[in-house]
Amino acid sequence: MNLKEQIDRNSLPRHVAMIMDGNGRWAEKKGVERIFGHRNGVESVRQVVEAAGELGVEYLTLYAFSTENWNRPRTEIDGLMALLTRSITNETKKLNENNVRLLVIGNVSDLPKSVHKQLMQSVKFLSKNKGLTLVLALSYSGRWEITDAVKKMMADAASGKLDPDRVDSETVESYLATSFMPDPELLIRTSGERRISNFLLWQLAYTELYFTPVLWPDYRKEHFYEAIIDFQRRERRFGKVSGKSRALLNS
Ligand code: IPE
Ligand code: IPE
Ligand code: MG
């Protein structure tokens, strides 16, 4: 049976988040410049967007550029920004054919004007689509997001719009950039690193983590299916007693 057929369509994660890592190492292994790794990573993005859409995953969040990535060499940042504009321009038509809605989370005002403009155009063009929601995390970090939420909450408290005594975790969530979607059930990180690197810090509280050594430019649909199958074999407990133990207790 092929991998795709092994997936139980009735217990799909609604939201999958991905840390697309390893472009630089992929290029270094081939003895070419890092930017070639980033360029080849675009095909991997196509593959996961298609795979997630075909399966019926509702939200796919891709970590494309972190707050800390601004500390990379200028040439790499410029190359990445140019690639981003080009890819979004080229891919929008195909995304539309696949009924994909596009959203962006992050401090987008930090992005170069050309990138920002193209992004907003594509977001608007794809806004009525009802298939997969593709969320690009750009100039994003979990700590930036939480800090931004705290600032907004404090401003609302100062103006009387928010009562500090009534703040609970749902209130905090409503101030996060991700308030429109559920927390990810599954996080996939490529390239063998086992860390979160300032990605969805609040939202990952109970997310299943999946690490693969595959470098991002080599990532294909089958790798995505493998991760989903692995996820479906796990038991999520949310701090409670295991379903199996409960059954034993009651018997
Ligand atoms: C991920 O690949 C892409 C971005 C962070 C923009 P890297 O560029 O981090 O590749 P490695 O980790 O150096 O191999
Ligand atoms: C995380 O990868 C950020 C993105 C994939 C956009 P990094 O390569 O920046 O993370 P570290 O530096 O290895 O933690
Ligand atoms: Mg990296």
Q: Report the net charge of residues surrounding Leu55, where surrounding means a beta-carbon distance below 9 angstrom and charges are Lys +1, Arg +1, Asp -1, Glu -1.
A: +1
(Q) Give the average over all directions of the projected area of the C-alpha convex hull of the stretch 86-183, one decimal, in nm². (A) 7.4 nm²
Q. Dividing the alpha-carbon radius of gyration of the stretch 75-130 by 2.2 N^0.38 Å (N being the number of residues), what value is obtained?
A. 1.14
Q: Take the alpha carbon atoms of the stretch 9-102, find their radius of gyration, then divide it by 2.2 N^0.38 Å using N residues; give the quotient.
A: 1.19
Q: Obtain the nm distance between the two label points defined at Trp202 and Arg46 by a simple spin-label model: each point lies 7 Å from its Cα along the Cα-to-C-beta direction.
A: 3.6 nm
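Regarding the stretch 104-148, what's the average projected area of the Cα-atom convex hull, expressed in nm²? Let's see the in-between values first.
Values: hull surface 14.1 nm².
For the Cα atoms of the stretch 104-148, the hull's average projected area reads 3.5 nm².
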Q: Counting residues in the stretch 135-251 as N, plug N into 2.2 N^0.38 Å and put the Cα Rg over that result.
A: 1.38
Q) Which parts of the stretch 101-133 would a label at Thr89 reach, counting a residue when its backbone N lies under 15 Å from a point 7 Å out along Cα-to-Cβ? A) 112-122
Q: Using label points projected 7 Å from each Cα along Cα→Cβ, tell me how many nm separate Ser179 and Glu58, to one decimal.
A: 1.8 nm
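For the chain, what value does the Rg/Rh ratio take when both radii are computed over Cα atoms and Rh is the Kirkwood radius, given to two decimals? Could the numbers behind the result be given before it?
Values: Rg = 19.3 Å, Rh = 19.5 Å.
Rg/Rh: 0.99.
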Q: For an R0 of 22 angstrom, estimate the FRET efficiency from the Cβ-Cβ distance between Asn2 and Arg236 and round to the nearest 0.05.
A: 0.25
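FYI, it's all coordinate maths here, none of it is from the lab. Note that the structure is a prediction, hence the values are computed from the model and not measured. Because the Cβ atoms are built from the backbone with ideal geometry, glycine has one as well, and the counts that use them run over all protein chains shown.
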